[in-house]
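**Q** Starting off with a structure, shown below.
The values are calculated or read from the model by the stated rules, or taken from the named source; none is laboratory data. All values reported here derive from a predicted model rather than from experimental measurement. With ideal geometry, Cβ positions are generated from the backbone for all residues, glycine too; neighbour counts draw on all protein chains shown.
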Amino acid sequence: MTTTPDTLRVTVQRGTASALRRETFDVPAYENQTVLDVVTWIQQMADPTLSYRFACRVGMCGSCAMMVNGVPRWTCRTHVKKVAADGELDIAPLRNLPVIKDLAADMDPFFDKWVAAEARHHPSAGRADGFDPVTPQEPARAEADLGIECINCGICYAACDTVAGNPDYLGPAALQRAWTLLNDSRDADRDGILTAVSGKGGCHNCHSMGSCAQYCPNELNPMRAIAGLKRETVRAAWGRKRDA
Amino acid sequence: MLDLKLYMAQRLSALVMVPLVLGHIAVMIYAIQGGLSTVEILGRTQGSLLWFLFYGSFVIAVSVHAAIGLRVIAHEWGGLRGRVLDWLMWGIGACLFYVGIQAVFAVSLP
């Protein structure tokens, strides 16, 4: 049986994009401790100038994602003992995004791409119309349901090597949301979505490497959604009507 | 840096290549079994429309497929973009086609 060391050696990326540096802190180790607890300890007990982002602390809001020992994780639900390597942690802001300061990444490019992918609701009914029934058993609805638990944390975007190599690529999260909307009977702009995901940064750039599915904290599979988009865009291009 | 058209061109060219690659390998294995000489092989391919179409379509598919694939690598690993990337893709495709079609002419023209 291994004993828990008294302290963790935590390296944190500090500074703004123009002047990045790494600082190391010794943080008390506890039996039950999340990575977010560690970051919070550093800010409250060691250096109040440390900037980072969090809100709910229970894995719902998607705001506390960071790179932990080189891997993107939701820090509020990542236990230190599961990820620390010999009592050491390396914490950095999310990959593939600009740094605002310290551990706070600029999420603007991430959310701009949601809009570019038409991953937003296009109303099909007015205020006076009745609700479109949602039938869980219906195949398209079941497909949409696979992806709707996305919390916009940006972990898949940080994990994606295609995003790293191709900054125009819309990324797994935006494309997955486009796919859920494509399968949602309440969305009215099917052609708009298919066009938006077929451009130069669209779904066809995905190499199916699967890092998005590997690291998604909610165990979603954006790669499956992107494969669905590839299929539907090709089907639409051949002029075949969707039969699903 | 792939849009729908390039994606489909690459997939369709792959589709064309699958039977051609299998046919090419099968022919190579067959040709060396009985110790066919170069003259004997050329005697069968030269003047043959079938072999011209077989390897001609192979060369077209390879030129399209490889040029698009290398375009992606040049963008993601080399950082090329815009017109330079387009020219590179067309250049690679043209070179592969030129070299390949020369070989096709050499073995299939009478």
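**Q** Would it be correct to say that B:Ile32 is without any contact (Cβ under 8 Å) to a residue 12 or more places away in the chain and away from chain A (no Cβ under 14 Å)?
**A** yes
**Q** A further question follows. Mind counting the residues in the stretch B:48-59 that are surrounded by fewer than 17 Cβ atoms within 10 Å (Cβ to Cβ) and either under 18 Å from B:Met8 (Cα atoms) or within 14 Å of chain A (Cβ to nearest Cβ) (or both)?
**A** Count: 1.
**Q** Looking at A:Leu103, A:Leu170, A:Leu146, which is the one that is among the hydrophobic types (A, V, I, L, M, F, W, C) and within 14 Å of chain B (Cβ to nearest Cβ)?
**A** After ruling out the rest, the residue left standing is A:Leu170.
**Q** Yes or no: B:Arg83 within 14 Å of chain A (Cβ to nearest Cβ), among the charged types (D, E, K, R), surrounded by 13 or more Cβ atoms within 10 Å (Cβ to Cβ) and assigned to a helix (DSSP H, G or I)? It would help to see each step written out before you state the result.
**A** Details: within 14 Å of chain A (Cβ to nearest Cβ): yes; among the charged types (D, E, K, R): yes; surrounded by 13 or more Cβ atoms within 10 Å (Cβ to Cβ): no; assigned to a helix (DSSP H, G or I): yes.
In short, no.
**Q** If I ask for residues that are surrounded by 12 or more Cβ atoms within 10 Å (Cβ to Cβ) and either in contact with a strand residue (DSSP E or B) (Cβ under 6 Å, 6 or more places away or on another chain) or farther than 18 Å from A:Asn69 by Cα (or both), which ones from the stretch A:35-47 would you list? Let's see the steps before the verdict.
**A** So the first thing to find is which residues in the stretch A:35-47 are surrounded by 12 or more Cβ atoms within 10 Å (Cβ to Cβ), and the list is A:35-43, A:46-47.
Once the filter is applied, which keeps residues that are surrounded by 12 or more Cβ atoms within 10 Å (Cβ to Cβ) and either in contact with a strand residue (DSSP E or B) (Cβ under 6 Å, 6 or more places away or on another chain) or farther than 18 Å from A:Asn69 by Cα (or both), the stretch A:35-47 yields A:Val35, A:Val38, A:Trp41, A:Ile42, A:Gln43, A:Ala46, A:Asp47.
**Q** Taking the residues in the stretch A:189-227 that are polar (S, T, N, Q) and under 13 Å from the mean Cα position of the chain (by Cα) as candidates, determine which candidate is farthest from the other protein chains (Cβ to nearest Cβ).
**A** Among those residues, the one meeting the criterion is A:Asn218.
**Q** Would you check if there is a residue in the stretch A:159-168 being closer than 30 Å to A:Val27 by Cα and touching a strand residue (DSSP E or B) at 6+ places or on another chain (Cβ under 8 Å)? Steps first, please.
**A** Quick first cut of the stretch A:159-168, residues closer than 30 Å to A:Val27 by Cα only: A:159.
After this cut, where a residue has to be touching a strand residue (DSSP E or B) at 6+ places or on another chain (Cβ under 8 Å) as well, the list is A:159.
Yes: one or more hits.
**Q** Inside the stretch A:15-114, counting only strands (runs of 3 or more DSSP E) that do not spill past its ends, which hold 1 or more residues that are touching a helix residue (DSSP H, G or I) at 6+ places or on another chain (Cβ under 6 Å) and farther than 30 Å from A:Cys203 by Cα?
**A** A:21-28
**Q** Is it the case that A:Asp112 is farther than 14 Å from A:Thr11 by Cα, within 15 Å of the chain's Cα centre (by Cα) and surrounded by fewer than 14 Cβ atoms within 10 Å (Cβ to Cβ)? Quick ask: steps written out before the conclusion?
**A** On the way: farther than 14 Å from A:Thr11 by Cα: yes; within 15 Å of the chain's Cα centre (by Cα): yes; surrounded by fewer than 14 Cβ atoms within 10 Å (Cβ to Cβ): yes.
Yes; evaluated as a whole, the condition is true for this residue.
**Q** Please give the number of the condition A:Val134 fails out of (1) assigned to a loop (DSSP other than H, G, I, E, B); (2) crowded, with 23+ Cβ neighbours inside 10 Å; (3) more than 12 Å from the chain's Cα centre (by Cα); (4) not polar (S, T, N, Q).
**A** Against the list (1) assigned to a loop (DSSP other than H, G, I, E, B); (2) crowded, with 23+ Cβ neighbours inside 10 Å; (3) more than 12 Å from the chain's Cα centre (by Cα); (4) not polar (S, T, N, Q), A:Val134 comes up short only on (2).
**Q** Test A:Ala29 against the criterion of being under 20 Å from A:Tyr215 (Cα atoms), outside the structural domain of A:Glu149 (by TED's automatic domain parsing) and not charged (D, E, K, R), and give yes or no.
**A** So A:Ala29 fails the test.
**Q** Filter the stretch A:228-241 down to the residues that are within 14 Å of chain B (Cβ to nearest Cβ) and touching a Phe, Trp or Tyr at 6+ places or on another chain (Cβ under 9 Å), then identify the one that is nearest to A:Leu194 (Cα to Cα).
**A** Across the stretch A:228-241, the extreme among qualifying residues is A:Thr233.
**Q** Suppose we keep only residues that are of a type in the set (Val, Ile, Thr) and touching a residue at least 40 places away in the same chain (Cβ under 8 Å) within the stretch B:61-80. Which one would you say is nearest to the other protein chains (Cβ to nearest Cβ)?
**A** My answer is B:Val72.
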